[in-house]
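Presented below is the structure to which this report refers.
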Amino acid sequence: MKITKDEVLYVAKLARLNLSDDEVEKFAGQIGDVLSYIETLNKVDTEGINPTSHANFLSNAFRKDEVKENFGVEKALSNAPLKENGHFVVPKIVG
Amino acid sequence: MNLYELSIEEANKLLTKKEISSKELTQSVLDRIDAVDEKVGAYITVDHAGALKAADDADKKIQNGDTKALTGIPLGIKDLICTDGLLTTCGSKILSNFEPPYDATVIEKLKSENAVFTGKLNMDEFAMGSTTENSSFKNTCNPFDLSRIPGGSSGGSAASVAAGICLGSLGSDTGGSIRQPASHCGVVGMKPTYGRVSRYGLVAFASSLDQIGPLAKNVTDCAIIMDAISGYDRRDSTSVDEKVPDFYEAIKRNGGVKGLKIGIPKEYNSTEGLDPKVSESVNNAIAELEKLGAQTIEISLPNTEYAVAAYYVLAPSEASSNLARYDGVRYGVRTEKSENLIDMYHKTRTEGFGDEVKRRIIIGTYALSSGYYDAYYKKASQIRTLIMDDFKKAFEVCDVIASPVAPTPATLIGENADDPLAMYLSDVFTLSANLAGVPGISVPCGFSDGLPIGLQLMGKHFDEETLLRVAYNYEQATDYMLKIPELV
């Protein structure tokens, strides 16, 4: 198999996902098939070819650091699952 | 004729002449939604009240003689384009309660023309898929055969236009997600050049590939929507400050296709899994364009065979990074019970994402993880350079490239459900345009057992005008323009 169940579990943990035993089994097979297919890229000699990360010809898009319109604290918090006194509330981080 | 059957251009003429009101038109579309969307399943949210209010506002503008091309026209919006105060779910449980605090740039632009929004359209979760079966909420059915998929990921956007439950729509295209559903549903769909339309307010899937574009009943309507949404936007750092032609005016001026060079990639006819009927329809379409005076020329896109593999490294890699933001803190659904912060992240994401999204996050995280980066992400980015070079060379000798959109007509719902790789392989003709950033359009070119087939035309960067011109001339010469299925 192209990717082991342990590797799937490890990567899922990096991505903050829990997987059941059945899911690990299923994903290892399916993702293994995809990774095997991706191996076809190795048939191409890419020595000295520059990688492309973007499809247009811009380099940097700088602009002045000016204050423009914003929608304020209340609206910014309007979708927060939990909020208090103008802040997002998260579970306790430090003991 | 029912008002919902009108094209945008026809409706605009009647509105301008005050022969109909936007309220009548909008009501006709809303009634049609109530009558058929239970079967089609194109909408996640129908905004009856908002649409009627916007229609009233549009009618006031029209009364004052201030009618723009989309004033009072009912449009549907793919549910990953942010609409201020209107639910925007991305087809995902994790955003099932998300009401954006702002409008996407394209929505602002349409509102400035007093367009009417009927609601938000179904899609594969976070635009990951080619069938709309990956929506967390429901399947969308193909209006030409309700047992079949509408294509995806903009399945709701294509099915709604085909079913007459909006006059036109917006979709997004990361690997074919506008063109392929347009092809399956017999409508026109365009993916503009990367950078032509602002992505501000488009929920990100793969930022270097995503582009918003129109789906419409015909090429003219497609041009009208392109006019409204195109242009530079300082809020999207990849938006390009390039002159936007008047696409509608260009179509009306119609230069014809005489002498135009159409490139035919020699690799495409031998593509594995290409349905003979699709191949025949596309070849007939090319012959029709020759009859209209275009010349065909054989070209080569040798690295196309690696496009699927490169794409399924790059897109999941970008997605794994983009989707890290769904952590249950700032928006979306948070898990109900958790032990601590890390546990909250895990449970929120595990409960909130569907299988295909999880698969792609895992593939992307794997491809970007330490020790694998060079073998996957860097390698795929180098292949991307080669694919772009192929297009550059091809466009030295031709003006547009013609090909199929999808290798087969719409498949049955459930056909590829447990085989993600099979679904990925069906993107073979559309992915390269996203990797290279060039524009592409799907235009109806035939039927196979009652199922629509689309012709794809791809063009040079920022040359949507030529694509629209070729598509328009083909459409005028043929008889495949959308006929709305009855459905009741």
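Okay, here's what the table says:
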item: Selection count, the stretch B:319-331, where residues are buried (at least 23 other Cβ atoms within 10 Å of the Cβ) and more than 7 Å from chain A (Cβ to nearest Cβ); result: 3
item: Pairs where the first residue, in the stretch A:38-55, is under 14 Å from B:Asp374 (Cβ atoms) and the second is of a type in the set (Lys, Arg), C-beta under 7 Å, 6+ apart; result: A:Leu41/B:Lys379; A:Thr46/B:Lys379; A:Pro51/B:Lys378
item: From the options B:Thr304, B:Thr271, residue that is within 14 Å of chain A (Cβ to nearest Cβ) and either within 26 Å of B:Pro409 (Cα to Cα) or touching a Gly at 6+ places or on another chain (Cβ under 9 Å) (or both); result: B:Thr304
item: Residue satisfying all of: in the stretch B:344-354; assigned to a helix (DSSP H, G or I) and more than 8 Å from chain A (Cβ to nearest Cβ); surrounded by the fewest Cβ atoms within 10 Å (Cβ to Cβ) among these; result: B:Glu351
item: Per-region count, the stretch B:425-443, residues of a type in the set (Ser, Thr, Tyr), out of contact with any Asp or Glu (no Cβ under 9 Å at 6 or more places or on another chain) and either crowded, with 23+ Cβ neighbours inside 10 Å or on the phi > 0 side of the Ramachandran plot (or both); result: 1
item: Residue tally, condition more than 17 Å from B:Asp221 (Cβ to Cβ), out of contact with any Asp or Glu (no Cβ under 6 Å at 6 or more places or on another chain) and among the hydroxyl-bearing types (Ser, Thr, Tyr), over the stretch B:136-167; result: 2
item: Residues located in the stretch B:277-317, provided they are of a type in the set (Gly, Ala, Ser) and assigned to a helix (DSSP H, G or I); result: B:Ser279, B:Ser281, B:Ala285, B:Ala287, B:Ala307, B:Ala309, B:Ala310, B:Ala315, B:Ser317
item: Candidates B:Leu289, B:Leu314, B:Leu260, filtered to the one that is within 14 Å of chain A (Cβ to nearest Cβ), surrounded by 15 or more Cβ atoms within 10 Å (Cβ to Cβ) and among the hydrophobic types (A, V, I, L, M, F, W, C); result: B:Leu314
item: Qualifying residue in the stretch B:77-93 (condition: among the aliphatic types (A, V, I, L, M) and more than 21 Å from the chain's Cα centre (by Cα)); result: no
item: Residue in the stretch B:194-232 that is nearest to the chain's Cα centre (by Cα), counting only those that are of a type in the set (D, E, K, R) and surrounded by 24 or more Cβ atoms within 10 Å (Cβ to Cβ); result: B:Asp210
item: Search result, residues across the stretch B:390-438 that are part of a helix (DSSP H, G or I), more than 9 Å from chain A (Cβ to nearest Cβ) and at pLDDT 95 or above; result: B:Asp390, B:Phe391, B:Lys392, B:Lys393, B:Ala394, B:Phe395, B:Glu396, B:Val397, B:Leu431, B:Ser432, B:Ala433
item: Positions within the stretch A:41-71 being of a type in the set (Lys, Arg) and in a loop (DSSP other than H, G, I, E, B), in sequence order; result: A:Arg63, A:Lys64, A:Lys68
item: The stretch B:1-48: number of residues that are basic (Lys, Arg) and more than 26 Å from B:Thr140 (Cβ to Cβ); result: 4
item: Of the criteria (1) of a type in the set (Ser, Thr, Tyr); (2) more than 14 Å from chain A (Cβ to nearest Cβ); (3) outside any strand (DSSP E or B), which one B:Ser381 fails; result: (2)
item: A:Val11 being facing chain B (nearest Cβ under 8 Å) and surrounded by 14 or more Cβ atoms within 10 Å (Cβ to Cβ); result: yes
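For (1) surrounded by fewer than 21 Cβ atoms within 10 Å (Cβ to Cβ); (2) within 17 Å of B:Ile212 (Cα to Cα), each residue gets a yes or a no:
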residue: B:Leu95; (1), (2): no, no
residue: B:Glu99; (1), (2): yes, no
residue: B:Ile107; (1), (2): no, yes
residue: B:Met128; (1), (2): no, yes
residue: B:Pro143; (1), (2): no, no
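Okay, residues lined up against (1) at pLDDT 95 or above; (2) crowded, with 24+ Cβ neighbours inside 10 Å; (3) touching a helix residue (DSSP H, G or I) at 6+ places or on another chain (Cβ under 6 Å):
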site	(1), (2), (3)
B:Leu25	yes, yes, yes
B:Lys39	yes, no, no
B:Ala49	yes, no, no
B:Leu70	yes, yes, yes
B:Leu75	yes, yes, no
B:Ser92	yes, yes, yes
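Condition check ((1) more than 22 Å from B:Cys222 (Cα to Cα); (2) surrounded by fewer than 24 Cβ atoms within 10 Å (Cβ to Cβ)) across all residues:
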residue: B:Gly371; (1), (2): yes, yes
residue: B:Cys445; (1), (2): no, no
residue: B:Leu455; (1), (2): no, no
residue: B:Pro485; (1), (2): no, yes
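The values are calculated or read from the model by the stated rules, or taken from the named source; none is laboratory data. Here the structure is a predicted model, which means the values were calculated and not measured. Using ideal geometry, Cβ is built from the backbone for each residue, glycine included, and neighbour counts are taken over all protein chains shown.
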